[in-house]
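The values are calculated or read from the model by the stated rules, or taken from the named source; none is laboratory data. Remember, it's a predicted structure, so these values are computed and weren't measured experimentally. Here the Cβ is made from the backbone with ideal geometry for all residues, glycine too, and neighbour counts use every protein chain on show. Note: accessible area is taken over every heavy atom of the protein model, side chains too, but ligands, DNA and RNA are not part of it. Shrake-Rupley method; radii C 1.70, N 1.55, O 1.52, S 1.80 Å.
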Amino acid sequence: MRWRGTLLYIGQRLLLIVFTVLAVSSIVFIGIHRLPGSVFVSERLRASQMQALLHQYGLDRPLWEQYRDFLLGLLHGDLGISYVNQGVRISPLVGREALVSAEVGALALLFTIGLGMLLGVLAAIRQNTWLDYLFTSTAVVGYSMPNFVVATFLLLVFAVFLQRATGGMLYYQIGWTGTFGSLGEISIPAFALGFPYASVVARLTRASMLEVIRQDYIRTARAKGLPEQLVIVRHALRNALIPVITILGPLVIGILTGSVVIENIFGIPGLGKEFVQSILNRDYNIVVGVFTMYAALVGIANLLVDLLYPLVDPRIRY
Amino acid sequence: MGGRPIAITTFIAEPMAQRRAGLWTDAWRRLRRNRLALVAATYLLGLVGVAILAVFWTPYSTTHQGIVLPYQGPTPAHPLGGDSLGRDVLSRLMEGAQISLLVGVGTQVVVLALGVPLGLLAGYFRSWLDAALSLLINIFYGVPDLLVALILIVLLGHSGLGQIIFAIAVTRWMDMARLVRGQAMSLREREFVEAARSCGSGTFKILFRHLLPNALGPIIVQATLGIPQAILFEAFLSFLGLGVQPPTPSWGSMAADGVQAIRISPHIVLAPTIALSVTLMAFNFVGDGLRDALDPRQRR
């Protein structure tokens with residue numbers, strides 16, 4: 001009985017995701033195909049060659065026919081082919097890039113929550129000490145620093161100064177090997193991506209922790225002789241977690257959008273890099289494809305976050 | 001509770017005077033005590049001064065190349081050195097301040113123009129209007145804002161300052177609309193609104209003469225905190241090469257240039273990133289200070 005409600009809820013949400021993805025990609029598709037000029041504007045092409053290219057990609061047909069074909073393709077999971085890198089199919093490309101972005105994003109999320117909660121809890125249980133002031137002011141600084149600024153400082157430290165200091169023995173090489181990179185290559189971009197949000201989490205954790213540790217059941221736990229660590233970790237932290245879970249949704253969206261910038265700095269072959277590249281190349285099919293992928297990712301991430309609520313707070317049920 | 005003797009007159013007169021002071025005098029008194037916010041506000045005033053100065057005068061041209069040696073580090077004549085094309089970094093930083101502030105304030109003007117009337121109407125009338133606005137807000141919260149701004153810039157055929165401001169405002173109006181809606185919803189139940197209605201005030205007058213002034217505090221705080229977000233967005237867009245087009249300098253595009261040369265001359269990337277961070281921080285401090293001053297109950 002309990003599970004049927006949950007399943008129904010998941011079904012509804014999935015339907016909503018499909019609808020959103022269709023709507024978003026339609027808007028972007030139509031908007032982008034109404035733009036004046038074409039992808040193939042280039043002085044080296046003669047009019048006849050241009051016509052042939054337009055014909056080859058079906059761009060000379062009426063917009064509604066192109067849109068119909070796009071929708072049919074989308075329903076089969078086919079996003080068409082690239083205009084610039086001729087013959088490259090977009091679906092497998094974007095799928096692989098989504099995995100890369102998800103990998104970096106997941107690690108960033110881990111950093112964000114781990115670091116943020118650790119700092120927040122420490123600041124709360126040492127309220128009004130130098131540790132608290134240090135962490136709180138670090139959080140304000142972190143909150144005001146765009147992720148590309150954090151990335152720049154990390155690069156200066158790990159790629160430039162570390163190389164000079166160790167005489168080139170040990171340093172961070174900007175770049176990416178293979179499809180998924182190595183742990184060393186991922187961790188610095190992931191940290192840059194997560195750090196600004198970690199300070200948001202830290203502020204929130206501190207505030208909710210301060211509220212929780214003043215409550216009666218914490219006093220009860222202490223009074224019955226539980227060690228302080230157990231009181232904090234098992235009793236206080238669990239309830240302090242609830243507000244943090246509620247901002248997970250915006251957090252995931254923030255990390256996804258932040259990855260657009262971070263991937264371009266660190267040369268990570270993910271969705272974000274592709275998105276900017278394809279916009280600059282006017283490879284509009286890929287722009288639509290990547291945006292569609294983003295819409296789907298955000299929808300699924302939000303669904304997962306919403307499914308987390310009842311696990312942490314049993315009062316919530318679907 | 002020091003041992004300082006207090007004259008009986010101030011003891012009595014002060015609380016009385018305080019009670020008579022209006023919201024704004026009260027807020028100003030509280031804000032003056034917040035030293036961090038004052039320092040930040042002074043910095044921002046200075047920045048506005050620099051931005052206005054940059055309209056008329058910069059030490060060197062912001063677009064002429066080869067004024068300095070490319071990648072030249074700081075020298076007395078060029079305190080922040082030269083960039084990859086031999087342009088003076090300090091001059092470009094000054095003009096960049098102008099762009100950042102224009103985008104930040106311009107975006108908030110659009111956001112106010114969109115969010116305040118929508119929020120007032122939805123909060124006051126409820127019904128289908130509110131349902132429609134809430135749905136719209138939820139849809140906008142569900143899509144990644146930076147990506148929408150990017151796509152909008154493409155669709156608008158990038159990119160003058162106006163397009164950038166519009167694109168950012170479209171992705172940022174919801175916070176304001178939601179806030180004003182909430183304020184209107186709680187204010188409409190208050191007695192003074194009922195009194196105004198029973199006196200025969202028209203809807204327009206109730207919305208803009210009675211509801212709006214009472215919601216002004218939170219609106220000002222929200223608008224102040226929205227400015228750094230908009231500046232950040234512009235920096236993101238320009239960093240990716242989709243914002244302000246070269247050769248016009250923006251802190252974002254200057255940082256993007258600098259990252260390329262991070263190994264040989266880090267000063268090119270440090271100047272705009274530090275300026276950006278300090279400015280964002282200052283706006284956040286002032287916004288937080290205003291929040292504490294205007295609405296002490298909402299202390300976080």
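Can you tell me which residue in the stretch B:148-157 is farthest from A:Val24 (Cα to Cα), limited to those that are at pLDDT below 85 and either part of a helix (DSSP H, G or I) or facing chain A (nearest Cβ under 9 Å) (or both)? So that I can check it myself, show each step before the final result.
Here is the first cut: in the stretch B:148-157, the residues at pLDDT below 85 are B:154-157.
Next cut, either part of a helix (DSSP H, G or I) or facing chain A (nearest Cβ under 9 Å) (or both) only: B:154-155, B:157.
Working: B:Val154: 15, B:Leu155: 14, B:Gly157: 19 Å.
Among residues in the stretch B:148-157 that are at pLDDT below 85 and either part of a helix (DSSP H, G or I) or facing chain A (nearest Cβ under 9 Å) (or both), the one farthest from A:Val24 (Cα to Cα) is B:Gly157.
Do you know which of the residues in the stretch A:184-204 that are open to solvent by 40 Å² or more (accessible area, probe 1.4 Å) and in contact with a Gly (Cβ under 9 Å, 6 or more places away or on another chain) is nearest to A:Arg126 (Cα to Cα)? Spell out the reasoning first.
Here is the first cut: in the stretch A:184-204, the ones open to solvent by 40 Å² or more (accessible area, probe 1.4 Å) are A:184, A:191, A:195, A:197, A:200, A:203-204.
Among the residues that remain, those that are also in contact with a Gly (Cβ under 9 Å, 6 or more places away or on another chain) are: A:195, A:197, A:200, A:203-204.
Details: A:Phe195: 22, A:Tyr197: 22, A:Val200: 19, A:Arg203: 14, A:Leu204: 16 Å.
Applying the filter and picking the extreme gives A:Arg203.
Report whether or not A:Asn281 is among the polar types (S, T, N, Q) and away from every other protein chain (no Cβ under 12 Å). Even if it seems obvious, please write down each step before you answer.
On the way: among the polar types (S, T, N, Q): yes; away from every other protein chain (no Cβ under 12 Å): no.
For A:Asn281, the condition - among the polar types (S, T, N, Q) and away from every other protein chain (no Cβ under 12 Å) - is not met.
What residue, of A:Val28, A:Val100, is away from every other protein chain (no Cβ under 14 Å) and in contact (Cβ under 8 Å) with a residue 12 or more places away in the chain? Can you show your working first?
Working: A:Val28 fails: away from every other protein chain (no Cβ under 14 Å).
Result of the check over A:Val28, A:Val100: A:Val100.
Considering every residue within the stretch A:173-180, establish whether at least one is over 30 Å from A:Thr292 (Cβ atoms), without any contact (Cβ under 8 Å) to a residue 40 or more places away in the chain and of a type outside the set (A, V, I, L, M, F, W, C).
yes
Looking at the stretch A:144-157 only, could you name the residues that are within 7 Å of chain B (Cβ to nearest Cβ) and not aliphatic (A, V, I, L, M)?
A:Ser144, A:Pro146, A:Phe148, A:Thr152
Just a yes or no: is a residue in the stretch A:190-203 farther than 30 Å from A:Val160 by Cβ, touching a residue at least 12 places away in the same chain (Cβ under 8 Å) and in contact with a helix residue (DSSP H, G or I) (Cβ under 7 Å, 6 or more places away or on another chain)? Spell out the reasoning first.
To start, the set of residues in the stretch A:190-203 that are farther than 30 Å from A:Val160 by Cβ comprises A:203.
Pick out the ones that are also touching a residue at least 12 places away in the same chain (Cβ under 8 Å) and you get A:203.
Imposing the further condition that a residue be in contact with a helix residue (DSSP H, G or I) (Cβ under 7 Å, 6 or more places away or on another chain) reduces the set to A:203.
Checking the stretch A:190-203: at least one residue is farther than 30 Å from A:Val160 by Cβ, touching a residue at least 12 places away in the same chain (Cβ under 8 Å) and in contact with a helix residue (DSSP H, G or I) (Cβ under 7 Å, 6 or more places away or on another chain).
Would you pick out the residues in the stretch A:56-102 that are in a helix (DSSP H, G or I) and either among the β-branched types (Val, Ile, Thr) or open to solvent by 80 Å² or more (accessible area, probe 1.4 Å) (or both)?
Initially, the stretch A:56-102 is screened for residues in a helix (DSSP H, G or I), giving A:56, A:63-75, A:90-102.
Correct list: A:Gln56, A:Trp64, A:Arg68, A:Leu72, A:Leu75, A:Ile90, A:Pro92, A:Val94, A:Arg96, A:Leu99, A:Val100.
May I ask you to list the residues in the stretch B:189-217 that are closer than 21 Å to B:Asp295 by Cβ and either touching a strand residue (DSSP E or B) at 6+ places or on another chain (Cβ under 7 Å) or acidic (Asp, Glu) (or both)?
Selection gives B:Glu189, B:Glu191.
Exactly one condition in (1) under 25 Å from B:Ile227 (Cβ atoms); (2) open to solvent by 20 Å² or more (accessible area, probe 1.4 Å); (3) assigned to a loop (DSSP other than H, G, I, E, B); (4) β-branched (Val, Ile, Thr) is not met by B:Ile67; state its number.
All conditions pass for B:Ile67, except number (1).
Out of (1) within 22 Å of the chain's Cα centre (by Cα); (2) within 14 Å of chain B (Cβ to nearest Cβ); (3) modelled with pLDDT under 85, what's the single condition that is false for A:Val160?
Going through the list (1) within 22 Å of the chain's Cα centre (by Cα); (2) within 14 Å of chain B (Cβ to nearest Cβ); (3) modelled with pLDDT under 85, A:Val160 breaks only (1).
Per-residue answers, yes or no, for (1) more than 18 Å from the chain's Cα centre (by Cα); (2) within 14 Å of another protein chain (Cβ to nearest Cβ); (3) modelled with pLDDT of 90 or more:
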residue	(1), (2), (3)
B:Phe204	yes, no, no
B:Asn214	yes, no, no
B:Leu225	no, yes, no
B:Gly252	no, yes, no
B:Ala255	yes, yes, no
B:Ser265	yes, yes, no
B:Ala275	no, yes, yes
B:Val278	no, yes, yes
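For the stretch B:137-147, enumerate the residues that are within 13 Å of another protein chain (Cβ to nearest Cβ) and either touching a Pro at 6+ places or on another chain (Cβ under 7 Å) or among the aliphatic types (A, V, I, L, M) (or both).
Once the filter is applied, which keeps residues that are within 13 Å of another protein chain (Cβ to nearest Cβ) and either touching a Pro at 6+ places or on another chain (Cβ under 7 Å) or among the aliphatic types (A, V, I, L, M) (or both), the stretch B:137-147 yields B:Ile139, B:Val143, B:Leu146, B:Leu147.
Restricting the search to the stretch A:241-271, which residues are more than 9 Å from every other protein chain (Cβ to nearest Cβ), open to solvent by less than 10 Å² (accessible area, probe 1.4 Å) and closer than 19 Å to A:Gly289 by Cα?
Passing the criteria: A:Ser259, A:Glu263, A:Ile268, A:Gly270, A:Leu271.
Give the stretch B:116-142 a look and list any residue that's within 12 Å of B:Ala184 (Cα to Cα) and in a helix (DSSP H, G or I), or say none.
Passing the criteria: B:Val116, B:Pro117, B:Leu118, B:Gly119, B:Leu120, B:Leu121, B:Ala122, B:Gly123, B:Tyr124, B:Phe125, B:Asp130.
Go through the stretch B:229-270 residue by residue and tally those that are open to solvent by 10 Å² or more (accessible area, probe 1.4 Å) and either basic (Lys, Arg) or closer than 24 Å to A:Tyr197 by Cβ (or both).
10
So which residues in the stretch A:4-25 are away from chain B (no Cβ under 13 Å) and touching a Gly at 6+ places or on another chain (Cβ under 9 Å)? Full working, then the answer.
Step one: list which residues in the stretch A:4-25 are away from chain B (no Cβ under 13 Å), which gives A:4-12, A:14-15, A:18, A:22.
A:Leu14, A:Val18, listed by residue number.
Looking at (1) modelled with pLDDT under 85; (2) open to solvent by 50 Å² or more (accessible area, probe 1.4 Å), which is the only condition A:Thr136 fails?
If we test A:Thr136 against (1) modelled with pLDDT under 85; (2) open to solvent by 50 Å² or more (accessible area, probe 1.4 Å), just (2) comes out false.
Within the stretch B:84-106, is there a residue that is within 14 Å of chain A (Cβ to nearest Cβ), free of Cβ contacts under 8 Å to residues at least 60 places away in the same chain and surrounded by 16 or more Cβ atoms within 10 Å (Cβ to Cβ)?
Checked the stretch B:84-106: no residue is within 14 Å of chain A (Cβ to nearest Cβ), free of Cβ contacts under 8 Å to residues at least 60 places away in the same chain and surrounded by 16 or more Cβ atoms within 10 Å (Cβ to Cβ).
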